[in-house]
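S.K.: To start, I am sharing the structure in question, which I have written as structure tokens.
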Amino acid sequence: MARRSSPPEDSRRTGRRLLGAVLALGLIAGAGDQARDRFDAWIDATPLPSLTVTTGAEVLARDGSLLRAFPVENGRWRLAPPQSGVDPQFLRLLIAWEDRRFSAHNGVDGWAVARAALQAVRHGRVVSGASTLSMQTARLLERGPTGDWRGKLRQARLALALERRLGKDRILDLYLRLAPYGGNTEGVRAASLMWFGKEPRRLTPAESALLVALPQSPEARRPDIPERREAARAARDRVIDRAETLRLLTHEAAETARATPLPNQRRAFPALAPLLADRLRRENPGALRIETTIDPALQRQAEALTARAVAGQGARVSAALILADHRNGEILAHVGAAAFTDPRAGGFIDMTQALRSPGSTLKPLVYALGFDDGLIHPETLIEDRPAAFGRWQPENFDRRFRGTVTIRQALAESLNIPVVRVAEALGPARIAAALRRAGAPATTAGGPPGLALVLGGGGVSLEGLVTAYGGLARGGRSVALHARPGEARELPPVVGPVAAWQVGSILAQLAPPGGRAAGRVAWKTGTSYGHRDALALGYDGRFVAGVWLGRPDGTPVPGAFGGDLAAPLLFDLFDALGDRAEPLPPPPPAALTVANAALPPALRRFAAPGAARHGTAAPEPLAILFPPDGAEVELTGDRLVARVRGGSGPYTWLMDGRPVAVGVTGPVAELPASPGWSSLSVIDAAGAATEAEIRLSRPGQG
């Protein structure tokens, strides 16, 4: 039986083989052209492993900083080096420690190999290494065994081939992506984030030295494990010593670096706006860099404020918010859940997208439609008395009635009966259509929308509500909210500038929570039936925000009111804007700002169209209120919602002269329609007729 070699004998034998390989390479280099040609052909024929290094997807803030990163296969953290580059001092220390002749050799450093081989023969053990950065990159690409001389020779051949085909910069880039740093972490960028919580663009000498030393023995030198900290410190300090010897660091800088404490724990990778980041990654499969409009400073403040708002609120209570620039629709802060790592509170559910009851937050939109139609004015008188709407008898939240009030008071106090009266005059189908145009489509439980929609009897997402309120802030025309740059999309107008301003002027006078001064933010709260949802929406001259608190599973939160829970968080968010906040706009020139007595007679007291006003029962002239003449309307399915004002029912509707609805008793009708130019006509019971030329299209069509 053959006797096994002892470790010194193995080292001497490996050294002799490496020395022989170096001499062979030297002989080839000094041989004739024919031998060199064969050697070159052998190198050129080297099969290369895959050079595609998969890195995790990154979601970036508007300033390019990292919001959230995602691991690659098998849960490994591997990120591409930052586009702005790695700290130059780190690169200098890396090359000084690993491969001082990196810029001069062709992949294999013959002098280093000869030195290492001679030392191994002389001492019977490995004294110094000879792997270049190119050879180390070859080993990392192959992920194969390299403990024997055959593996080293394979590395050398691959390193020579890489140098010829890729060049120094590409090889260094591959090393920076693949270098092992312990556990499931690879690459200098992931390591810098893990150990120091920052990008590797700017590193201290101590940080650079540790990142240079760790890949040689990443597990044995982990500074977060107490029994391995001394090995990590010693390895780091050897790198610092070499840098000082080579005058890459001054003596003072080296002393400071050696005195710097090691990190004692692995840090979590950034996870700002985590649910939004996850959604954007799903929507952009295969994208490695996803840029967003998120402001990282505002995002951190928003997440901290949200966590503080739910603290002490009991189990499973969560919160969500959106802050956007209503001028262009860019989302600046997005919190989908108060604690996305807590499954008990539904942290994995993005509550900005969930359909929830909007409570009273739709009332401003209903009144805006009434203002725009000329049905009401802020100083119009309206009755807040018990009333039945079919079988439905709504009540105010406090079950009290105020009698005769102005529309201004009805909205400011969020009274229910007045808004239902206005909604009945407008028609629930008209309101639902307006919500769709405003970017806040509402869902109802089976069948067409009813009047209960205006008191929260439907489902609307928080993002939709913020979009709609942004439209009020912009004079009646919303911009679709978006978190990706360059995706601004203006939505169809809902109301005119005067109506939008009239609503905002009322909401701005509501007393904010915490003793803040009124007039800076136009805002409204909402509380859903059973205290399942607490909401607050608001805007100033530039920003619009929405806040939701509740339980994602829909169970009640006893005692939860929008004014008590959501409003303070909303105003904390506006306070965080600081000097960036802008005042609300002045009234448009066409706004009628007078007392009730100075209003036109028809606006002094509310009455539904066709009802008696001040003792006269004469009906208004017949007119198609929606769609108006010349309008371009996007169809929802194959139906068009049309509305008539005046005349006397029942009505007959015609499309291009063909009856499409006969005997319609109310002012609203859903008519079959198809894209293209059409002539829409309506005839009332007295034979009066009117028409409008309209253009119908599908969503997305020009």
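The values are calculated or read from the model by the stated rules, or taken from the named source; none is laboratory data. What you are looking at is a predicted structure, and each value in this text was computed from that prediction instead of being measured. All Cβ positions, glycine included, derive from the backbone under ideal geometry; neighbour counts span all protein chains shown.
S.K.: Would you point out which residue out of 470, 439 is crowded, with 24+ Cβ neighbours inside 10 Å, in contact with a strand residue (DSSP E or B) (Cβ under 8 Å, 6 or more places away or on another chain) and at positive phi? Write out each step before concluding.
M.R.: On the way: 470 fails: at positive phi.
Of the residues listed, the single one that is crowded, with 24+ Cβ neighbours inside 10 Å, in contact with a strand residue (DSSP E or B) (Cβ under 8 Å, 6 or more places away or on another chain) and at positive phi is 439.
S.K.: Looking only at the stretch 633-658, count how many residues are outside any strand (DSSP E or B), under 18 Å from residue 621 (Cα atoms) and small (Gly, Ala, Ser). Reasoning before the result, please.
M.R.: If we filter the stretch 633-658 for residues that are outside any strand (DSSP E or B), which is where we start, we get 635, 637-638, 646-650, 656-657.
Right, trim to under 18 Å from residue 621 (Cα atoms) and you get 646-650.
Narrowing further to those that are small (Gly, Ala, Ser): 646-649.
Selection size over the stretch 633-658: 4.
S.K.: So is residue 630 under 43 Å from the mean Cα position of the chain (by Cα), on the phi > 0 side of the Ramachandran plot and in contact (Cβ under 8 Å) with a residue 60 or more places away in the chain or not? Before the answer, list the steps.
M.R.: Values: under 43 Å from the mean Cα position of the chain (by Cα): yes; on the phi > 0 side of the Ramachandran plot: yes; in contact (Cβ under 8 Å) with a residue 60 or more places away in the chain: yes.
When the stated conditions are applied, residue 630 passes them.
S.K.: Next question, about the same structure. Could you please find all residues in the stretch 333-358 being basic (Lys, Arg) and under 12 Å from residue 548 (Cβ atoms)?
M.R.: In the first step, residues of the stretch 333-358 are kept if they are basic (Lys, Arg); the result is 344, 356.
Scanning the stretch 333-358 gives a single hit, 356.
S.K.: Take the residues in the stretch 30-52 that are surrounded by fewer than 17 Cβ atoms within 10 Å (Cβ to Cβ) and in contact (Cβ under 8 Å) with a residue 12 or more places away in the chain; name whichever of them is farthest from the chain's Cα centre (by Cα). Explain how you work it out, then say what you get.
M.R.: Let us first name the residues in the stretch 30-52 that are surrounded by fewer than 17 Cβ atoms within 10 Å (Cβ to Cβ), namely 30-42, 44-52.
After this cut, where a residue has to be in contact (Cβ under 8 Å) with a residue 12 or more places away in the chain as well, the list is 42, 44, 46, 48-51.
Details: 42: 52, 44: 47, 46: 46, 48: 40, 49: 37, 50: 34, 51: 32 Å.
Within the stretch 30-52, the match that is farthest from the chain's Cα centre (by Cα) is 42.
S.K.: Identify the residue in the stretch 542-557 that is among the β-branched types (Val, Ile, Thr) and in a loop (DSSP other than H, G, I, E, B) and, among all such residues, is farthest from residue 522 (Cα to Cα). Give the steps one after another, and end with the answer.
M.R.: First pass over the stretch 542-557, keeping only residues among the β-branched types (Val, Ile, Thr): 544, 547, 555, 557.
Next, only the ones that are in a loop (DSSP other than H, G, I, E, B) stay: 555, 557.
On the way: 555: 30, 557: 26 Å.
If we take residues in the stretch 542-557 being among the β-branched types (Val, Ile, Thr) and in a loop (DSSP other than H, G, I, E, B), then 555 is farthest from residue 522 (Cα to Cα).
S.K.: How do the pairs read when you match residues in the stretch 299-324 that are free of Cβ contacts under 8 Å to residues at least 60 places away in the same chain with residues anywhere that are buried (at least 24 other Cβ atoms within 10 Å of the Cβ) and of a type outside the set (Val, Ile, Thr), using Cβ under 7 Å and keeping only pairs 6 or more apart or on different chains?
M.R.: 307/338
S.K.: From the list 78, 139, exactly one residue is touching an Asp or Glu at 6+ places or on another chain (Cβ under 6 Å) and at pLDDT 90 or above. Which is it?
M.R.: Working: 139 fails: touching an Asp or Glu at 6+ places or on another chain (Cβ under 6 Å).
The match here is 78.
S.K.: Residues to consider are 277, 243, 273; find the one that is touching a residue at least 60 places away in the same chain (Cβ under 8 Å) and on the phi > 0 side of the Ramachandran plot.
M.R.: Numbers: 277 fails: on the phi > 0 side of the Ramachandran plot; 243 fails: on the phi > 0 side of the Ramachandran plot.
Being touching a residue at least 60 places away in the same chain (Cβ under 8 Å) and on the phi > 0 side of the Ramachandran plot holds for just one of 277, 243, 273, which is 273.
S.K.: Related question: Can you tell me which residues in the stretch 185-217 are more than 26 Å from the chain's Cα centre (by Cα), of a type in the set (A, V, I, L, M) and assigned to a helix (DSSP H, G or I)?
M.R.: Answer for the stretch 185-217, where residues must be more than 26 Å from the chain's Cα centre (by Cα), of a type in the set (A, V, I, L, M) and assigned to a helix (DSSP H, G or I): 188, 206, 209, 210, 211, 212, 213, 214.
S.K.: Another question about this same structure. What pairs can you find where one residue is in the stretch 641-666 and closer than 15 Å to residue 624 by Cβ, the other is among the acidic types (Asp, Glu) and part of a strand (DSSP E or B), and their Cβ atoms are less than 7 Å apart, with a gap of 6+ or different chains?
M.R.: Within 7 Å, the pairs are 641/670.
S.K.: Among residues belonging to the stretch 511-526 that are out of contact with any strand residue (DSSP E or B) (no Cβ under 6 Å at 6 or more places or on another chain) and either touching a residue at least 12 places away in the same chain (Cβ under 8 Å) or among the acidic types (Asp, Glu) (or both), point out the one that is farthest from residue 587 (Cα to Cα).
M.R.: Within the stretch 511-526, the first condition is being out of contact with any strand residue (DSSP E or B) (no Cβ under 6 Å at 6 or more places or on another chain), and the residues that meet it are 511-520.
Remaining after also requiring either touching a residue at least 12 places away in the same chain (Cβ under 8 Å) or among the acidic types (Asp, Glu) (or both): 512-514, 516, 519-520.
Details: 512: 22, 513: 25, 514: 28, 516: 23, 519: 13, 520: 15 Å.
Within the stretch 511-526, the match that is farthest from residue 587 (Cα to Cα) is 514.
S.K.: Could you list all residues from the stretch 435-463 that are outside any loop (DSSP other than H, G, I, E, B) and of a type outside the set (Val, Ile, Thr)? Full working, then the answer.
M.R.: Going through the stretch 435-463, the residues outside any loop (DSSP other than H, G, I, E, B) turn out to be 435-437, 443, 451-455, 459-463.
If the condition is that a residue be outside any loop (DSSP other than H, G, I, E, B) and of a type outside the set (Val, Ile, Thr), then 435, 436, 437, 451, 452, 453, 455, 459, 461, 462, 463 are the ones that fit.
S.K.: Against the definition (surrounded by fewer than 21 Cβ atoms within 10 Å (Cβ to Cβ) and more than 28 Å from residue 74 (Cβ to Cβ)), how does residue 170 come out, yes or no? Explain how you work it out, then say what you get.
M.R.: Details: surrounded by fewer than 21 Cβ atoms within 10 Å (Cβ to Cβ): yes; more than 28 Å from residue 74 (Cβ to Cβ): no.
No; evaluated as a whole, the condition is false for this residue.
S.K.: Ok, one more. In this structure, is residue 297 farther than 18 Å from residue 566 by Cα and small (Gly, Ala, Ser)? So that I can check it myself, show each step before the final result.
M.R.: Numbers: farther than 18 Å from residue 566 by Cα: yes; small (Gly, Ala, Ser): yes.
Taking the combined requirement at face value, the residue satisfies it.
S.K.: Take residues that are under 22 Å from residue 577 (Cβ atoms), hydroxyl-bearing (Ser, Thr, Tyr) and assigned by TED's automatic domain parsing to the domain that holds residue 554 and tell me which of the strands (runs of 3 or more DSSP E) falling wholly in the stretch 464-541 contain 1 or more.
M.R.: Working: elements: 477-479, 490-493, 522-527, 533-539.
Counting at least 1 such residues, we get 477-479, 522-527, 533-539.
S.K.: Could you give me the residue pairs with C-beta distances under 6 Å whose first residue belongs to the stretch 196-207 and is more than 17 Å from residue 258 (Cα to Cα), whose second residue is in a helix (DSSP H, G or I) and of a type in the set (Lys, Arg) wherever it lies, and which are 6+ apart or on separate chains?
M.R.: If the second residue must be in a helix (DSSP H, G or I) and of a type in the set (Lys, Arg), the pairs left are 200/189.
S.K.: Which residues, counting only those in the stretch 286-303, are of a type outside the set (Val, Ile, Thr) and in a loop (DSSP other than H, G, I, E, B)?
M.R.: Step one: list which residues in the stretch 286-303 are of a type outside the set (Val, Ile, Thr), which gives 286-289, 291, 295-303.
Listed by number, the residues that qualify are 286, 287, 288, 295.
S.K.: Counting only residues that are among the β-branched types (Val, Ile, Thr) and within 15 Å of residue 362 (Cβ to Cβ), how many does the stretch 518-577 have? Explain how you work it out, then say what you get.
M.R.: Applying the first criterion (among the β-branched types (Val, Ile, Thr)) to the stretch 518-577 yields 521, 525, 527, 544, 547, 555, 557.
Next, from what is left, pick out any that are within 15 Å of residue 362 (Cβ to Cβ): 525, 527.
Total meeting the criteria: 2.
S.K.: Can you pull out the residues in the stretch 410-424 that are under 15 Å from residue 503 (Cα atoms) and surrounded by fewer than 20 Cβ atoms within 10 Å (Cβ to Cβ)?
M.R.: The answer is 412, 413.
S.K.: Of the residues 607, 560, 597, 602, which is within 26 Å of residue 380 (Cβ to Cβ), outside any helix (DSSP H, G or I) and assigned by TED's automatic domain parsing to the domain that holds residue 326? Even if it seems obvious, please write down each step before you answer.
M.R.: Working: 560 fails: within 26 Å of residue 380 (Cβ to Cβ); 597 fails: outside any helix (DSSP H, G or I); 602 fails: outside any helix (DSSP H, G or I).
Answer to the check: 607.
S.K.: Next question, about the same structure. Filtering the stretch 248-285 down to residues that are assigned to a loop (DSSP other than H, G, I, E, B) and hydroxyl-bearing (Ser, Thr, Tyr), which residue is surrounded by the most Cβ atoms within 10 Å (Cβ to Cβ)? Working first, answer last.
M.R.: First, pick out the residues of the stretch 248-285 that are assigned to a loop (DSSP other than H, G, I, E, B): 248-250, 260-270, 272-273, 284-285.
Those left that are additionally hydroxyl-bearing (Ser, Thr, Tyr): 250, 260.
Values: 250: 12, 260: 17.
For the stretch 248-285, the residue satisfying everything is 260.
S.K.: Now a separate question. Quick check: anything in the stretch 371-393 hydrophobic (A, V, I, L, M, F, W, C), free of Cβ contacts under 8 Å to residues at least 60 places away in the same chain, buried (at least 24 other Cβ atoms within 10 Å of the Cβ) and not in a strand (DSSP E or B)? Before you say what the answer is, go through the steps one by one.
M.R.: Start the filter on the stretch 371-393 by keeping residues that are hydrophobic (A, V, I, L, M, F, W, C), which leaves 371, 375-376, 381-382, 387-389, 392.
From what is left, the residues that are free of Cβ contacts under 8 Å to residues at least 60 places away in the same chain are 387-388.
Those still in the list that are buried (at least 24 other Cβ atoms within 10 Å of the Cβ) too: none.
The answer is no, given that none of the residues of the stretch 371-393 is hydrophobic (A, V, I, L, M, F, W, C), free of Cβ contacts under 8 Å to residues at least 60 places away in the same chain, buried (at least 24 other Cβ atoms within 10 Å of the Cβ) and not in a strand (DSSP E or B).
S.K.: Take residue 373 and tell me if it is at pLDDT below 95 and acidic (Asp, Glu).
M.R.: Numbers: at pLDDT below 95: yes; acidic (Asp, Glu): yes.
It is true that residue 373 is at pLDDT below 95 and acidic (Asp, Glu).
S.K.: Residues of the stretch 341-361 being among the basic types (Lys, Arg) and crowded, with 23+ Cβ neighbours inside 10 Å, which ones? If you could, list the steps in order and put the result at the bottom.
M.R.: Of the stretch 341-361, the ones among the basic types (Lys, Arg) are 344, 356.
Within the stretch 341-361, 356 is the sole residue that qualifies.
S.K.: Would the stretch 670-677 turn up any residue that is surrounded by 20 or more Cβ atoms within 10 Å (Cβ to Cβ) and not assigned by TED's automatic domain parsing to the domain that holds residue 373?
M.R.: Step one: list which residues in the stretch 670-677 are surrounded by 20 or more Cβ atoms within 10 Å (Cβ to Cβ), which gives 673.
Filter once more, so that each one left must be not assigned by TED's automatic domain parsing to the domain that holds residue 373: 673.
Yes, some residue in the stretch 670-677 is surrounded by 20 or more Cβ atoms within 10 Å (Cβ to Cβ) and not assigned by TED's automatic domain parsing to the domain that holds residue 373.
S.K.: Consider residue 661 carefully, then state whether it is surrounded by fewer than 19 Cβ atoms within 10 Å (Cβ to Cβ), outside any strand (DSSP E or B) and of a type in the set (A, V, I, L, M). Show your work before the answer.
M.R.: Values: surrounded by fewer than 19 Cβ atoms within 10 Å (Cβ to Cβ): yes; outside any strand (DSSP E or B): no; of a type in the set (A, V, I, L, M): yes.
Criteria not met by residue 661.
S.K.: Same structure again: Considering every residue within the stretch 614-627, establish whether at least one is modelled with pLDDT under 90, in contact with an Asp or Glu (Cβ under 7 Å, 6 or more places away or on another chain) and in a loop (DSSP other than H, G, I, E, B).
M.R.: Taking every residue of the stretch 614-627 in turn, at least one turns out to be modelled with pLDDT under 90, in contact with an Asp or Glu (Cβ under 7 Å, 6 or more places away or on another chain) and in a loop (DSSP other than H, G, I, E, B).
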